[in-house]
């Protein structure tokens, strides 16, 4: 507790950010009020504008300010390929590679029963509807690009099961040895996968 | 870069918080927009109210919403003792001990030439003026409670030099072995201090 109620309220509000405890929140509040009040006001405005303006793309479910996001509207992209990712950050990583010219579907999460995240908390139903659309919105190939963690693998597995009734080819990003790595330091599961999937 | 300008603006604004890089900022923005828009609006409001309401106590320089903070106004406290701390968080730690009933002076920083923080960036001049006040605001004892880091020690040293011309007793928090610690694991400098200051 400090000498100012509004300072205490600010520390409590900052603690609702993920990964921020009471010590970090106090340090942030001190920094903003002592050294950078401009940044505080700018952050307040950015928060309000984002909450007001950001919604989900009706097609791919990513964050956007429009009904349909620019990527989904891009006529240059191959509408027959749909890459399923967990978050907009994963989508951005794939985009930065420049190696993919299809469309995306953003789950906005991954199945994680231990954290209480079930099938209804991520956009699985919307994904099914998206894939089941008749031509010309037909999806030829669904590329599963969920993370290679336990939760991401489980999510990919559930999606595969879910789409079995639909006539769509389902693929998964290749598992293998990362570029620049020495075999000695790569975990054994990865090497085993790379061996099995050699080409 | 995402599909939404206001989302990018939010990520940039979050990066101005201390200790928050682009990855943490993206994770925070995703969490707020996907799972907790309430928290985002609450944080925006808290930021605005704190920037508007929080200022420095005219006597002790801590954060407060009033001209003079409640601690300085408290008639129960010993106005003859002044404890100099770096930040309101340090002041709060001392208050929680319940062992001090004097007043405070909060520097709002510490001397750190390597970070470009000089004597004019912390409230040294105001401290001098505060201590130089005539009776009945006379300060009998100044307790230096800056941190026991290189910067905190340097700040304490500079304050001692600064106040040499004034007739005020200057003390420093005792250095010694922390409660609950085993000597084997305490650093040698601390043990040496504890030995020299034995009582």
Fill in the blank from the handout: Of the listed residues (A:46, A:89, A:39, A:25), the one being at pLDDT below 90 and in a helix (DSSP H, G or I) is A:89
Exercise for the section: From A:69, A:60, grab the single residue that is in contact with a strand residue (DSSP E or B) (Cβ under 6 Å, 6 or more places away or on another chain), at the interface with chain B (Cβ under 10 Å from one of its Cβ atoms) and surrounded by 21 or more Cβ atoms within 10 Å (Cβ to Cβ). Expected result: A:60
Practice task
Evaluate the following for residue B:83: is it more than 7 Å from every other protein chain (Cβ to nearest Cβ), part of a loop (DSSP other than H, G, I, E, B) and modelled with pLDDT of 90 or more?
Solution key: no
Fill in the blank from the handout: Checking A:7, A:41, A:47, A:32 in turn, the sole residue that is touching a strand residue (DSSP E or B) at 6+ places or on another chain (Cβ under 6 Å) and either farther than 20 Å from residue B:30 by Cα or not assigned by the TED database to the domain that holds residue A:158 (or both) turns out to be A:7
Exercise for the section: Within the stretch A:74-99, work out how many residues are within 17 Å of the chain's Cα centre (by Cα) and under 22 Å from residue A:135 (Cα atoms). Expected result: 3
Fill in the blank from the handout: Counting only residues in the stretch A:16-36 that are surrounded by fewer than 17 Cβ atoms within 10 Å (Cβ to Cβ) and more than 7 Å from every other protein chain (Cβ to nearest Cβ), the one nearest to residue B:13 (Cα to Cα) is identified as A:35
Completion exercise
Over the stretch B:166-191, the set of residues farther than 21 Å from residue B:85 by Cα and exposed (fewer than 12 other Cβ atoms within 10 Å of the Cβ) is B:179, B:180, B:181, B:182, B:183, B:184, B:185, B:187, B:188, B:189
Practice task
Look at residue B:41 and say whether it is at the interface with chain A (Cβ under 9 Å from one of its Cβ atoms), buried (at least 22 other Cβ atoms within 10 Å of the Cβ), over 24 Å from residue B:146 (Cα atoms) and over 17 Å from the mean Cα position of the chain (by Cα).
Solution key: no
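For (1) at pLDDT below 90; (2) closer than 18 Å to residue B:80 by Cα; (3) not in a loop (DSSP other than H, G, I, E, B), each residue gets a yes or a no:
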position: B:125; (1), (2), (3): yes, no, yes
position: B:134; (1), (2), (3): yes, yes, no
position: B:138; (1), (2), (3): yes, yes, no
position: B:146; (1), (2), (3): no, no, no
position: B:152; (1), (2), (3): no, no, yes
position: B:193; (1), (2), (3): yes, no, yes
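The values are calculated or read from the model by the stated rules, or taken from the named source; none is laboratory data. Bear in mind the structure is a predicted one, so any value in this text is a computation, not a measurement. Positions of Cβ are generated from backbone atoms using ideal geometry, with glycine treated the same way; all protein chains shown enter the neighbour counts.
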